[in-house]
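Here the structure is laid out as structure tokens; the discussion comes afterwards.
Each reported figure results from applying straightforward, stated rules to the coordinates on display, with no laboratory input. Keep in mind the model is a prediction, meaning the values are calculated, not measured. FYI the Cβ positions are ideal-geometry reconstructions off the backbone, even for glycines, and counts take in every protein chain you see.
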Amino acid sequence: MPEHSKHSDCKQVSRIINYAWYVTAAWTLLLSASAIFTIREHKNTLAKLALTEARAAIGRDILYRRWGSSHGGVYTPITEKSAPNPYLSHIPERDITTPSGRKLTLINPAYMTRQVYEIAKESEAYLGSGHLTSLKPIRPENAPDPWEKKALDSFEKGSREVSELVQIDNQPHMRLMRAFITERSCLKCHAVQGYKEGDVRGGLSVTLPAQPLFEATRSQLNGRLAAHGIIWLLGLGMTGLGSRQLIRTARAQKQIEAELQEQALKLEEEISERQATQESLQESESKLLEQNYELQATEEMLRVQLGEYERSQTQLKQSNSNLQAIFDVSPLPILISTYADGIVRETSQTFCTSFGFPRDEVIGKTTLELGLWSDISERHIFIRTIDEQQTVSGYPGEIRNRNGEVRYIRMYGTKIDFRNETCLLIVIMDVTEQKRTEAELRQAQKMDVVGQLAGGVAHDFNNMLTAIIGSAEMMERHVKNDPALVKLLTTIQEAAGRSADLTGQLLAFSRKGSTRTVQVRINNSIQSVISLLERTIDKNIRLTTRLIADRDLVIGDPTQLQNALLNLGINARDAMQNGGTITYATATVYLDETYCGSHSFHIQPGTYVEISVSDTGMGIKKDVIDHIFEPFFTTKGIGKGTGLGLAAVYGTIKEHHGSINVYSEIGIGTVFKLYLPLADEQKDSDIPLEKTRPGSGGILLVDDEMLIREMGQALLEDHGYQVFLAEDGKQALEIYEREQAHIQLVILDVVMPVMGGKEALQRLLEVHPNVKVLMSSGFHQDETNDSFIKLGARGFIQKPYRTEDFFKAIDETISLTEQ
């Protein structure tokens, strides 16, 4: 055998022997750990057995103590071992004498337990000891040892049992103490110590030797340990046998290898003879092999790269799919564009739907090419803000949709890495409708405030105009033969009429004007307006109509509606100083919930007649169009407009539960579109009134304005009525109570000091439910009309009124109540 083979053989044998020692050491450690665990489990089991015996012993002690306690103790003859207990001297019957003369003493449970334990110590069968102790012992000998004191302290904290395996005289002992609870029978002896029923009075302990248990089970433990030893020896034997077998196998293998090496030497000699002829072939083959290896390496590299590419493509598709899913479900428009030049890389369907762009039209174009930014500088400011803050939330801005319409938005943006590009992610919230609603709310609030002022002013004007018109009409009847005076009075009445129209516009704006609810044909009203305009506008203005509404019947006040249409025509005329065309058109349309919900007029979905009044004038500027419906707002020169025309139109349309929109472009013209709800086709409910007739009987006229009282008294007396006057509701009640037999009608003003018309009406009806009351006011709306009718008033007349209207209202009220 060659020298290097012998060296290798020795090295392998040494390695096998080392492995055998390692296995032996591991096996020894394993069996040692098992033996230690067995010994520990054996001790734990014995401790549990000792604790069980201790509990049984202490249980017996407690039972016979409870028996003795339940009987109040036991009397025994007095002996040297059972001497009277000095600690029971407080018990009157501690010592007694039987009728036969025997002296007995009381043995309480504690005394009895101590004697039992002393007897047990003297017994040869003694297996343990017991002790009754307390933190407040009556007998000093019963004081606790350190272990017992520790247990008693734990009882004070709530424990009821303490046990421990301890060494006493180098021998294991199980110590157990159980809390002693004061029972009712214990109070005979221990109440003097201050104990109450349920208190922890002390503890009853027992100490049992555990060594007998250890001795009794020692053979069992030794057997188990011997088994561990036998198993350990078997393991060592098997390890030795295995290692010897491995050594023999290794040596045999080495022998075979040596023989093979000899055969290899012979083959090498034969091969060396052929190597000379194969050198050229080997060189060529080596070159081919090198090329083949290079090709294989290149192929493997391409295969790895292809696998990585396919994985990246799969991840990219999954990422794109997840991103598209997020885009598809997002309720807000999302846009991803390159950070530097704003080329759109991705967008959500919500963006395309909201702003009217097809998706393929958006992708690949810059936001500037799409015309999204209303102001190009806004994007630079937005980018700069992100550079400074990393993210932007609620950034206000403007964006144009595909139709060029500006939408007000709030943007939430951040910089992201999207498809290996630095991009800008923007989430867009369209707040156009919110801003429009806020503006409309501010406008409505402003209109309501000014409307209240206008209504109050109109009310006071109407009171004065009532007196002026009534007085002028009365004077006209008395001076019919004087043409000059008649002309003056006619001028007064015409001026008062124009003033009444002015206050009517104020009331229409404030929506406190009188509104008749009759059927009105809008197409007919427009024709009437056209007839009026044709006589007043210049010849260079052309009037056209396109009345194609197949349904045009509405319920409302024909005068107010005609005035509204006329005001729009006059405004259109004034907007075309150099001529043009005014067009009135009608159509029947259906307004859905979406339109009605976005409109400040709070109209209901349904079928409406659309009235459009358009002109080809100069148009209205954007900063002006938001104010055109405000009262007293006008762009006309001084003396050319009151600023109430469009305000009155606004109030009239709102009073008729409709809406109004304005569209205007500078240099092209303006279109006003009015929408009024259509009514069902039916017969007109207006009832023609009879001609006024001379009156009779008494009328109570109640008004806080002296001019109206004096004018009304003159008119009524001239018409044949007896007149009673009152300046407030309280005075009216007093007069009616006194003169009710002579009063057939009460004309009651609404707004008065001391007591207003509403309270006076209620007070009158409470006492006189059949009283006839005609309400009168300088302004009127549903709240002050229908509500008074519901309360019991028989009619309503609005100031200022002409004499004919005044007496028609009186005749109608009296005649209706007599039916």
Separation between Cα centres of the range 377-426 and the range 580-622, rounded to whole Å = 36
Structure shown: which of Lys48/Lys149; Lys365/Lys415; Lys730/Lys808; Lys103/Lys136 lie over 21 Å apart, alpha-carbon to alpha-carbon?
-> Lys48/Lys149; Lys730/Lys808; Lys103/Lys136
What is the list of residues in the range 26-65 whose amide nitrogen lies under 14 Å from a point 7 angstrom out from the Cα of His228, following Cα to Cβ?
-> 27-44
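Would you mind checking Lys435/Lys654; Lys539/Lys622; Lys11/Lys266 for any pair whose Cα atoms are more than 25 angstrom apart? Could the numbers behind the result be given before it?
Values: Lys435/Lys654 22 Å; Lys539/Lys622 30 Å; Lys11/Lys266 27 Å.
Result: Lys539/Lys622; Lys11/Lys266 exceed 25 Å.
Sorted by average packing, counted as other Cβ atoms within 10 angstrom per residue and highest first, what order do 343-355, 302-314 take?
On the way: 343-355: 18.9, 302-314: 10.0.
Descending mean neighbour count gives 343-355, 302-314.
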Whole-Hz ³J(HN,Hα) from phi, Karplus 6.51 cos²θ - 1.76 cosθ + 1.60, for the range 347-364, glycine and proline x | 8, 8, 5, 4, 5, 4, 5, 5, 10, x, 9, x, 4, 5, 7, 8, 4, x
Normalised per residue, the volume inside the convex hull of the alpha-carbon atoms of the range 692-747 in Å³ amounts to 64
Apply the Karplus parameterisation 6.51 cos²θ - 1.76 cosθ + 1.60, with θ equal to phi minus 60°, to every residue of the range 790-798 and state each ³J(HN,Hα) to the nearest whole Hz, in sequence, with x for glycine and proline.
-> 5, 6, x, 5, 9, x, 8, 9, 9
For the range 166-172, take each phi angle, set θ = phi - 60°, evaluate the Karplus expression 6.51 cos²θ - 1.76 cosθ + 1.60, and give the result in whole Hz per residue in order, putting x for glycine and proline.
-> 10, 9, 10, 6, 6, 10, x
Dipole of the range 201-343 (Lys/Arg Cβ +1, Asp/Glu Cβ -1, origin at the Cα centre): which of Trp232, Leu221, Gln291 lies farthest to the positive side?
-> Leu221
Starting from the Kirkwood radius over alpha-carbon pairs of the range 331-430, derive D by Stokes-Einstein at 37 °C in a medium of 0.692 mPa s and give it in µm² s⁻¹.
-> 247
Classify the range 517-558 as rounded, prolate or oblate from the Cα gyration tensor: take a ≥ b ≥ c as the square roots of its eigenvalues, call it rounded if a/c is under 1.5, otherwise prolate when a/b beats b/c and oblate if not.
-> oblate
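Find, among the GluC sites (Glu not before Pro) in the range 352-429, those assigned to loop by DSSP (not H, G, I, E, B) with at most 15 other beta-carbon atoms within 10 angstrom.
Details: sites: Glu361, Glu369, Glu378, Glu388, Glu398, Glu405, Glu421; in loops: Glu369, Glu405.
The qualifying sites are Glu369, Glu405.
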Check Leu547: other-chain or 5+ apart residues with amide H under 5 Å from its amide H, H built from backbone geometry?
-> Thr586
With +1 on each Lys and Arg Cβ and -1 on each Asp and Glu Cβ, and nothing else charged, work out how big the dipole of the range 515-677 is about its Cα centre, in Debye to the nearest 20.
-> 460
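Looking at the square roots a ≥ b ≥ c of the eigenvalues of the Cα gyration tensor of the range 515-677, which shape do they give, rounded for a/c under 1.5, prolate if a/b is larger than b/c, or oblate? Walk me through the intermediate numbers first.
Working: a/c = 1.56, a/b = 1.30, b/c = 1.20.
Prolate, since a/c reaches 1.5 and a/b exceeds b/c.
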In 5 Å bins starting at 0, how do the alpha-carbon pair distances of the range 698-818 split up by percent?
-> 2, 12, 25, 28, 22, 10, 1
Please give the peptides 532-540, 18-26 ranked by average Cβ packing (other Cβ atoms within 10 Å per residue), highest first, as a rough proxy for protection.
-> 18-26, 532-540
